[in-house]
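**Student:** Here it is, the structure in full.
The values are calculated or read from the model by the stated rules, or taken from the named source; none is laboratory data. Please read all numbers here as calculations on a predicted model, not as lab measurements. Cβ sites come from the backbone with ideal geometry, for glycine too, and all protein chains shown count toward neighbours. The accessibility values were calculated without ligands, DNA or RNA, using every heavy atom of the protein model including side chains. Shrake-Rupley method; radii C 1.70, N 1.55, O 1.52, S 1.80 Å.
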Amino acid sequence: MRGFVVVLFLLLSGAGLYAQVPAQTGKYNNDIFDLVASRRLGDGQVRILQTPEMKELVNTHVAMNERSGGVEGFRVQLYSGSGSHAKQEALEIKSKVLSLLSPPQIYVEYNAPFWRVRVGSFRHKHEALPLLHQLKSGFPNCYVVKAHDIKLETLP
């Protein structure tokens, strides 16, 4: 029992020393851990105990998200085609949608070899369903697709 108490004391003492966080300078240097741990007048204090490797991994993830320029979301796809007439068909679909909706967010995209026409920008799939049902009468084959470049400012 005495050995258990000694081991417990050493563990708690070591954890207390490890948990000491140096005073923050108030500067945010693109480290999310520094931002969370920073203190302002009237705020509480947050201590984050993390290995340097995990900090580097999280900061790399944050940087990748900032560079991507958008978030994952959903759009309604009206057309996808390839071939010599695909571009013309995509532009015709776009003009048809412009006559049905006002003002729609229409995206004509080319990702070789496919031309696609997509409408809307939604963060969640269930938010795209009303637009899908509205477009089904004019475009019976339309469906909701995942999009990886949704700009936050275009979200409703």
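**Student:** Using DSSP to define loop residues, name the trypsin sites (Lys or Arg not before Pro) in segment 39-86 whose beta-carbon has at most 12 other beta-carbon atoms within 10 Å. List each step's numbers first, then the result.
**Tutor:** Numbers: sites: ARG39, ARG40, ARG47, LYS55, ARG67, ARG75; in loops: ARG39, ARG40, ARG47.
Qualifying residues, ordered by number: ARG39, ARG40, ARG47.
**Student:** I would also like to ask the following. In straight Cα distance, which aspartates and glutamates are under 17 Å from LYS94, not counting same-chain residues fewer than 8 positions off?
**Tutor:** Partners within reach: GLU109.
**Student:** Leaving out ligands and nucleic acids, note down the accessible area per residue over segment 88-156 with a 1.4 angstrom probe, in whole Å². Don't skip to the end; give the middle numbers.
**Tutor:** Working: 4470 Å² over 69 residues.
Value returned for segment 88-156: 65 Å² of accessible area per residue.
**Student:** Among residues other than GLU89 whose Cβ falls under 12 Å from its Cβ, what is the net charge (Lys/Arg +1, Asp/Glu -1)?
**Tutor:** Details: positive: LYS87, LYS94, LYS96, ARG116; negative: GLU92.
Result for the local shell: +3.
**Student:** Could I ask something else about it? On the Cα set of segment 60-106, report Rg and Dmax in Å, please.
**Tutor:** Cα radius of gyration and Dmax of segment 60-106 are 15.7, 45 Å respectively.
**Student:** Check ASP149: other-chain or 5+ apart residues with amide H under 5 Å from its amide H, H built from backbone geometry?
**Tutor:** Amide H neighbours of ASP149, under 5 Å, 5+ apart: GLY73.
**Student:** Can you give the local net charge around ALA128? Use residues other than it whose beta-carbon is closer than 11 angstrom to its beta-carbon, Lys and Arg +1, Asp and Glu -1.
**Tutor:** Numbers: positive: ARG75, ARG118, ARG123, LYS125, LYS146; negative: GLU127.
My count for the surroundings of ALA128 gives +4.
**Student:** How high is the relative contact order of segment 49-125? Use alpha-carbon pairs under 8 Å, at least six apart in sequence, and give a whole percent. Don't skip to the answer; put the middle values down first.
**Tutor:** Working: 86 pairs, mean separation 28.0, N = 77.
That works out to 36 percent.
**Student:** Of all accessible surface on segment 47-156 at a 1.4 Å probe, what whole percent is carbon and sulfur? Can you show the working numbers first?
**Tutor:** Working: 3980 of 7210 Å².
That share works out to 55 percent.
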